[in-house]
Amino acid sequence: MNTEFTIKHAEEKDLPHILSLIKEIADFENLSHEVTATEEILREQLFEKKHAEVILALLNKEIIGYALYFHNFSTFLGKAGLYLEDIYIKEKFRGRGFGKKLFRYLAALSIKRGCGRMEWCVLNWNRKAIDFYEAAGARAMSEWTTYRLSGDSLKKLQDNDQG
């Protein structure tokens with residue numbers, strides 16, 4: 001059987017697939033309860049405001065995975081970086097090198113855009129992902145702790161008079 005793997009930049013018409021993949025990765029990560037994204041929200045954020053970008057992995061024109069990323073900035077390097085929010089291949093297509101191809105594409109894109117680095121977070125329990133990243137030459141940044149403000153905490157900080 002002839003198999004053709006391709007990568008393409010997502011278009012607005014791909015929104016139902018993107019949202020479906022976001023829900024799949026959330027389910028895989030046991031975080032489905034945190035998904036509030038809708039097609040309308042994604043349309044605005046990805047295609048109108050262009051806050052992030054999506055590439056799709058296709059096998060014989062069937063969407064089998066995606067990566068969502070955006071640029072951040074390193075003051076120390078004085079360069080943009082590529083921050084990988086999600087990379088996901090549907091379960092039945094894993095173990096065939098498609099994730100590695102998607103990851104390599106992002107590395108090449110980072111270089112093409114003059115980025116100083118590529119970064120992402122991985123759940124501590126996701127040993128397969130950790131092994132995959134370490135095999136690619138990535139190293140854990142154990143001296144840094146990720147913090148997050150969201151929801152009520154973010155609003156409370158905004159509303160708090162720090163005067």
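If I take R0 = 30 Å and measure r between the Cβ atoms of LYS101 and TYR147 in this structure, what FRET efficiency does the formula 1/(1 + (r/R0)^6) give, to the nearest 0.05?
Rounded to the nearest 0.05, the efficiency is 0.35.
For segment 75-163, run through the trypsin sites (Lys or Arg not before Pro) and keep only the ones in DSSP coil with at most 11 other Cβ atoms within 10 Å of their Cβ.
Passing sites in segment 75-163 are ARG139, ARG148.
Give the residue list of chymotrypsin sites (Phe, Trp or Tyr not before Pro) in segment 54-163 that are DSSP loop and have at most 16 other beta-carbon atoms within 10 angstrom.
PHE76, TRP125, TRP144, TYR147
Using unit Cβ charges (K, R positive; D, E negative) and no other charged atoms, how large, in debye to the nearest 20, is the dipole of segment 76-163 about its Cα centre?
Here the size comes out at about 700 debye.
What distance in nm separates the two pseudo spin-label positions at ALA135 and HIS71, each 7 Å out from Cα along the beta-carbon direction?
Computed distance between label sites ALA135 and HIS71 equals 3.2 nm.
Which of the GluC sites (Glu not before Pro) found in segment 56-163 are loop residues per DSSP with 13 or fewer other Cβ atoms within 10 Å of their Cβ?
For GluC sites (Glu not before Pro) across segment 56-163 that sit outside H, G, I, E and B with at most 13 neighbouring Cβ atoms in 10 Å, the list reads GLU143.
Which entry in [x] 17.5; [y] 19.1; [z] 16.5 is this structure's computed Kirkwood radius over Cα pairs in Å?
Only one option fits the structure, namely [x].
So what is the 222 nm mean residue ellipticity for the chain from helices alone, if each DSSP H run of at least 4 adds -39500 (n - 2.57) and you divide by all residues, rounding to the nearest 500 deg cm²/dmol?
Mean residue ellipticity at 222 nm (helix-derived): -9000 deg cm²/dmol.
Please give the FRET efficiency for ARG117 paired with LYS8, using the beta carbon to beta carbon distance and R0 = 30 Å, rounded to the nearest 0.05.
Approximately 0.75, to the nearest 0.05.
Which whole-angstrom value gives the distance between the alpha carbon centres of segment 93-144 and segment 37-79?
16 Å
Along the charge dipole of the chain, which of HIS71, ASN30, LEU154 sits closest to the positive end, that is, farthest toward it, with unit charges on the beta carbon of Lys, Arg, Asp and Glu (+1, +1, -1, -1)?
Checking the options against the dipole of the chain, the answer is HIS71.
With charges only on Cβ, +1 for K and R and -1 for D and E, what is the dipole size of segment 5-159 about its Cα centre, in debye, rounded to 20?
Magnitude of the dipole: close to 740 debye.
Only Lys, Arg, Asp and Glu count, each charged at its Cβ (+1, +1, -1, -1), so figure out the dipole size of segment 56-109 about its Cα centre, rounded to 20 debye.
300 debye
We did not get these values from a lab; they are worked out from the coordinates using the rules stated. In this text, all values refer to a predicted model and were calculated from it rather than measured experimentally. No Cβ is skipped: glycine too gets one built from the backbone with ideal geometry, and neighbour counts run over all protein chains shown.
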